[in-house]
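Asker: Attaching a single structure in structure tokens format; questions to follow.
Just so it is clear, none of the values below were taken in a lab; they were calculated from the coordinates. Quick caveat, the model's predicted, so the values are computed rather than measured. Positions of Cβ are generated from backbone atoms using ideal geometry, with glycine treated the same way; all protein chains shown enter the neighbour counts.
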Amino acid sequence: MLSQGTISLGNGKLKQALDLYSEAVEADPNNYMARYRRATAYIAMGKLRSALPDIDKTVLLNPGYVLVAYKQRAKINLKLGKLKEARADLLILKSDDDDTQKILNDISNMEANIEQAKSLYSKGRYSEALPLLDYLMKTITSSSELHEMRALCNIKTGDQIKGIEELRESVHMVSDNREGMLRVAMLMYDAGLAARSLEEIRNCLRLDPDDKGCRAHYTKVRVLAKAIEDAQNNAQSEKW
């Protein structure tokens, strides 16, 4: 199964590779290589948080694999914006190879830039914070905090739709984020995107049908979305 999974991964068949590696893990939960390979499949699919438990298990099962596994975990944490964790993994390795030193230097540089971006944002200098956030997120691709900050900068500088879309992306990076979903749905509603707002609030209610905030917004937006749909249907009928 491992060799088949590797072939599938090499051919870009990521879901198939993940399934094969998962079968290998189920067949032998203590197979460190199956765990590590499944982590690589998760990474290729962009599911970084899902990869971390397999990386951790790889090290527990085979401490001799620590160099490869810790460096991989450091790179994952770097993309997630967990810079302290990334640095800790690299320092444990006590490696002086060029790649490790470059990542450590990058981490220090990004920490300084994140602080500067936060300072600009807190002072309302959103247009100045945006290019800095764009630069940071070329490396830190999956930080919900930075995504949200950039989204709000876009909203504050007038690019409301772009900001809302990115805010939605950041909200969905966090599991069971009903408060965030409600926030996005309300912004969509205020921007005149009633149908999108209805879709988003339904996602919230799927997590908890009794969520009071989401239920109240659903009741309001459903009426508007239905009225818009009826008006569009009537206009279409008159056209024909």
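Asker: Quick check on the exposure proxy: order R168, R35, R125 from fewest to most C-beta atoms within 10 angstrom. Don't skip to the answer; put the middle values down first.
Answerer: Values: R168 21, R35 26, R125 13.
Sorted ascending by nearby Cβ count, the order is R125, R168, R35.
Asker: With +1 on the Cβ of every Lys and Arg and -1 on the Cβ of every Asp and Glu, and nothing else charged, how large is the dipole of the stretch 1-96 about its Cα centre, in debye rounded to the nearest 20?
Answerer: Working: 16 positive and 9 negative charges, 92 e Å.
Rounded to the nearest 20 debye, it is 440 debye.
Asker: Of V25, V221, how do they rank once you tally other Cβ atoms within 10 Å and put the fewest first?
Answerer: On the way: V25 18, V221 24.
Final ranking by Cβ density, sparse to dense: V25, V221.
Asker: A further question follows. Kindly put S197, S122 in sequence by how many other C-beta atoms sit within 10 Å of each C-beta, fewest to most. Provide the component values of the computation, followed by the final result.
Answerer: Working: S197 26, S122 9.
By the 10 Å Cβ count, ascending: S122, S197.
Asker: Based solely on C-alpha atoms, express the radius of gyration and the Dmax of the stretch 1-96 in angstrom.
Answerer: 13.2, 38
Asker: Okay, next question. Could you size up the charge dipole of the chain around its Cα centre, putting +1 on the beta carbon of Lys and Arg and -1 on that of Asp and Glu, and report it in debye to the nearest 20? Don't jump to the answer; show the numbers that get you there.
Answerer: Values: 36 positive and 34 negative charges, 29 e Å.
Using Cβ point charges on Lys, Arg, Asp and Glu, the chain gives about 140 debye.
Asker: Turning to a different aspect of this structure: So how many Å³ per residue does the convex hull of the Cα atoms of the chain work out to? Show your work: numbers first, answer last.
Answerer: Working: hull volume 44.9 nm³, N = 240.
Per-residue hull volume (Cα only) is 187 Å³.
Asker: Let me ask something else about it. Calculate the spin-label point distance for E23 paired with T6, positioning each point 7 Å from the Cα along the beta-carbon direction, and give it in nanometres.
Answerer: Placing both labels 7 Å along Cα→Cβ, they lie 1.7 nm apart.
Asker: Further question: What residue among Q72, Y21, A151 has its Cα farthest toward the positive end of the dipole of the chain, where the charges are +1 on Lys, Arg and -1 on Asp, Glu, each on the Cβ?
Answerer: A151
Asker: I would also like to ask the following. Please name whichever of L104, G46, S122 sits farthest to the positive end of the charge dipole of the chain, dipole taken about the Cα centre and charges placed at Cβ: Lys and Arg +1, Asp and Glu -1.
Answerer: Farthest along the dipole direction, towards plus: S122.
Asker: Among the aspartates and glutamates, which have Cα under 15 Å from the Cα of K226 when same-chain residues fewer than 8 positions away are ignored?
Answerer: E199
Asker: Every cysteine in the chain with no other Cys Cβ under 4.7 Å from its Cβ, please list them in numeric order.
Answerer: Among the cysteines of the chain, those whose Cβ sits 4.7 Å or more from every other are C153.
Asker: Could you give the C-alpha radius of gyration of the stretch 74-126 expressed as a fraction of 2.2 N^0.38 Å, taking N as the number of residues it contains? Provide the component values of the computation, followed by the final result.
Answerer: Values: Rg = 13.1 Å, N = 53, 2.2 N^0.38 = 9.9 Å.
Dividing the Cα radius of gyration by 2.2 N^0.38 Å gives 1.31.
Asker: Among L132, L187, H172, whose Cα projects farthest towards the positive end of the dipole of the stretch 90-240, with charges put on the beta-carbon of Lys, Arg (+1) and Asp, Glu (-1)?
Answerer: In the stretch 90-240, that residue is L187.
Asker: Next question, about the same structure. If each DSSP helix of 4+ residues adds -39,500 (n - 2.57) and the sum is divided by the residues in the chain, what number results at 222 nm, nearest 500 deg cm²/dmol?
Answerer: Values: 13 runs with 192 residues, N = 240.
Per the formula, -26000 deg cm²/dmol.
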